[in-house]
């Protein structure tokens with residue numbers, strides 16, 4: 001079993017819909033939870049970062065962490081075609097000098 | 001803006017060749033990383049370095065080595081390329097303090113070994 005699991009998709013939604021992305025993980029030591037976005041033919045870039053359990057909102061994006069069930073979510077409200085990308089969850093045990101463990105990524109396609 | 005550059009976007013090599021992938025960052029970051037990315041497997045860590053001349057194995061170091069002679073440069077070496085090393089290779093860097101959780105990635109090198 002992989003340490004971090006993600007549904008690979010693709011997830012196709014109409015413009016304006018809510019996109020819901022999920023990750024599950026097995027390592028209880030993970031405390032920092034990152035979401036990276038990767039456009040085609042580009043390197044990943046950090047989208048959101050959450051420490052421990054709880055919610056974090058940034059504009060149209062909301063990240064949720066439930067450490068008790070080892071479940072990570074990312075929601076995109078009012079999705080736009082420019083949100084079409086692969087989304088990778090990446091938990092880490094610590095912040096400094098962090099080693100990230102990436103999920104396989106979920107490809108999202110937002111259709112106009 | 002942080003910039004991480006990689007020496008080539010596309011590379012085609014033959015089986016058995018020695019391959020060098022170069023990565024340079026311009027933000028004076030202490031940490032540098034090499035990943036490979038394959039469909040369905042996500043990014044897997046090959047090697048990382050916390051300082052000049054320091055290196056640590058990641059999850060899949062077999063068949064690879066690295067070199068970090070200068071802080072800004074981190075090289076990945078395939079001693080004898082094999083077809084199962086055909087992949088997208090991504091370099092990243094991060095600071096050791098402050099927002100050190102954020103890794104900045106280069107655009108990637110797509111390596112094909114024939």
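We did not get these values from a lab; they are worked out from the coordinates using the rules stated. The model shown is predicted, which means the values in this text are computed figures rather than measured ones. Backbone-built Cβ (ideal geometry, glycine too); neighbour counts: all protein chains shown.
Taking the criterion of being surrounded by 15 or more Cβ atoms within 10 Å (Cβ to Cβ), more than 10 Å from chain A (Cβ to nearest Cβ) and outside any loop (DSSP other than H, G, I, E, B), the residues of segment B:8-38 that qualify are B:11, B:13, B:19, B:21, B:22, B:23, B:24, B:25, B:32, B:34, B:36. Quick one: would you say residue B:41 is in contact (Cβ under 8 Å) with a residue 24 or more places away in the chain and either in contact with a helix residue (DSSP H, G or I) (Cβ under 8 Å, 6 or more places away or on another chain) or surrounded by fewer than 20 Cβ atoms within 10 Å (Cβ to Cβ) (or both)? Against the criterion (in contact (Cβ under 8 Å) with a residue 24 or more places away in the chain and either in contact with a helix residue (DSSP H, G or I) (Cβ under 8 Å, 6 or more places away or on another chain) or surrounded by fewer than 20 Cβ atoms within 10 Å (Cβ to Cβ) (or both)), residue B:41 does not qualify. Across segment B:88-114, the number of residues qualifying as within 14 Å of another protein chain (Cβ to nearest Cβ) and over 17 Å from residue A:98 (Cα atoms) comes to 7.
Entry remark, segment A:16-55: residues being away from chain B (no Cβ under 13 Å) and under 12 Å from the mean Cα position of the chain (by Cα) number 5 in total. Counting only strands (runs of 3 or more DSSP E) that sit wholly inside segment A:4-112, those with at least 1 residues that are in contact with a strand residue (DSSP E or B) (Cβ under 8 Å, 6 or more places away or on another chain) and free of Cβ contacts under 8 Å to residues at least 24 places away in the same chain are A:45-51, A:54-58, A:61-66.
Here A:86, A:62 are screened, and the one residue that is under 14 Å from the mean Cα position of the chain (by Cα) and either surrounded by 21 or more Cβ atoms within 10 Å (Cβ to Cβ) or under 22 Å from residue B:37 (Cβ atoms) (or both) is A:86.
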